Amino acid sequence: RVHGENSRAHVLAVMDWGVRGVVYSPFHDQRYYTQDQEQIRELLDQDMQSIATLGFTHIRTFYPSYYGVPITPFAQKYNLRVLMGIHTPDDWWDAYVQSAISQINQLPDTVLGVVLGNEYNPSFLVPENRQQLINTVPLIRKQIFPHTTVIGVAHHAGFWMDHENWLPSQLKTIFDLDFIGVNAYAAPPFQTSSAVIGAKWLLEYVSSNYTTVFVVATEVGIPSAGSSPQCEECSISSKRAVFEQLNCWAYYNPLSIPLFHFEMFDEPNKNPTAGFGDTEQHFGITSFQGAPKWPVAFPPFFSLCPHVRNRMLVLCFVLFLVCIWYCSLVISRRRSRRQKQKLDFEMLEVNGTGSRQHDTSNDSQPLITTTASRWIEKE
């Protein structure tokens, strides 16, 4: 592992720029709730195949394993990389940490990084969780050495903004983290324009203020349906628009912030929440059975990115004007050259007809123009 000033360069080298990320949970399928490992293996294999088929290259999880079944063997089978989560500071924390360490050591190229906690689980503001985080990072680093898996934490964007005055300086010195995950959701109601503009602004703002670490968009997106008044404009077309516009922004943005869209599958088992109703059930890019809600595609396809398409059209128009200018310039020069040749020829004719004198000492080569010869014939 590279320390000190080169640690950010190290993270940039490990973090893939070609991230096509999606958040994954197996909670959409009843096979998970059976707690039967064989059925869970079947489910994970089926889900990883579905994710890879849609063109995604990375998944973010909240847990490293599910009832003892690790996620990485199935991700590796379908060439997916995992940003592996360890979600809650409960009695399972140590077991999940050891599961993550084991999977990193077995399949280091499959594990992109480890996310410790999500939003307020664990929270930096709770002393016992703060110390638990401080203790966990060196434990993982020691037991995965010499592998280069990066470690970070994830919170909603508001948390990072609320603590920008003191936290950035501690992320390296105290917590020894490589990256921070930003769950970048714009404030409801859920609308395409506000979701896209809000997510971009939040990510750029956090990235500009937390310069000691790398920034990952660990969650972005809007629901495609819901009974909440906050979701009156929710639709599949609006979710698709947010998905494609954020992908275009991330692909062509110099910040190169990896995006993980929330989420792969609808989760019908989630309970309605106060103020949001059942919207939490409809964040999936696919239905809970795995049927895509639209034909999923990624940049750099020309038709997907309006701002890039418009720039390309402007560039093509400028090139067209340049070509017209160049062609007209060439034609004008050719006309000028022909006119000059014509004038020179006429001058030769005038000089030939105006003076019939020539050097008699060299009669073998008389200077007679066409016009002069015709005059002689008439004479």
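The distance separating the Cα centre of the range 131-196 from that of the range 84-112 comes to 16 Å.
Extension gain, GLN106 to SER287: 0.36 nm times the residue separation minus the Cα-Cα distance gives 61.9 nm. The modelled label-to-label distance for the pair VAL314/SER227, using points 7 Å beyond Cα in the direction of Cβ, is 4.7 nm. Maximal additional length on extending the VAL126-TYR67 stretch stands at 18.4 nm, based on 0.36 nm per residue less the C-alpha distance. Around the amide H of ASN183, modelled in the peptide plane, lie the amide H atoms of HIS155, HIS156, ALA157, THR218, GLU219, all under 5 Å away and 5 or more residues distant in sequence or on another chain.
Please compute the net charge surrounding PHE243, taking Lys and Arg as +1 and Asp and Glu as -1 over other residues with Cβ under 12 Å from its Cβ.
Neighbour charge sum, excluding PHE243 itself: +2.
Ordering MET48, MET161, MET347, MET312 by accessible surface, largest first, gives MET347, MET312, MET161, MET48; the 1.4 Å probe counts only protein heavy atoms, with every chain in place. Between ILE331 and ASN135, the contour length at 0.36 nm per residue exceeds the alpha carbon distance by 62.9 nm. Which pairs break 24 Å Cα to Cα here: LYS239/LYS270; LYS77/LYS200; LYS200/LYS270; LYS142/LYS172? As for pairs spanning more than 24 Å Cα to Cα, those are LYS77/LYS200; LYS200/LYS270. Here's the list of lysines a cross-link from LYS342 could span, going by alpha-carbon distance under 27 Å and ignoring same-chain residues fewer than 8 apart: LYS378. A Förster radius of 51 Å combined with the Cβ-Cβ distance from GLN35 to GLU204 puts the calculated FRET efficiency at roughly 0.75.
The values are calculated or read from the model by the stated rules, or taken from the named source; none is laboratory data. Keep in mind that what you see is a predicted model, and the values were worked out from it rather than measured. Every residue, glycine among them, receives a Cβ derived from its backbone with ideal geometry; neighbour counts consider all protein chains shown. All accessible areas refer to the heavy atoms of the entire protein, side chains included, with ligands and DNA or RNA removed. Shrake-Rupley method; radii C 1.70, N 1.55, O 1.52, S 1.80 Å.
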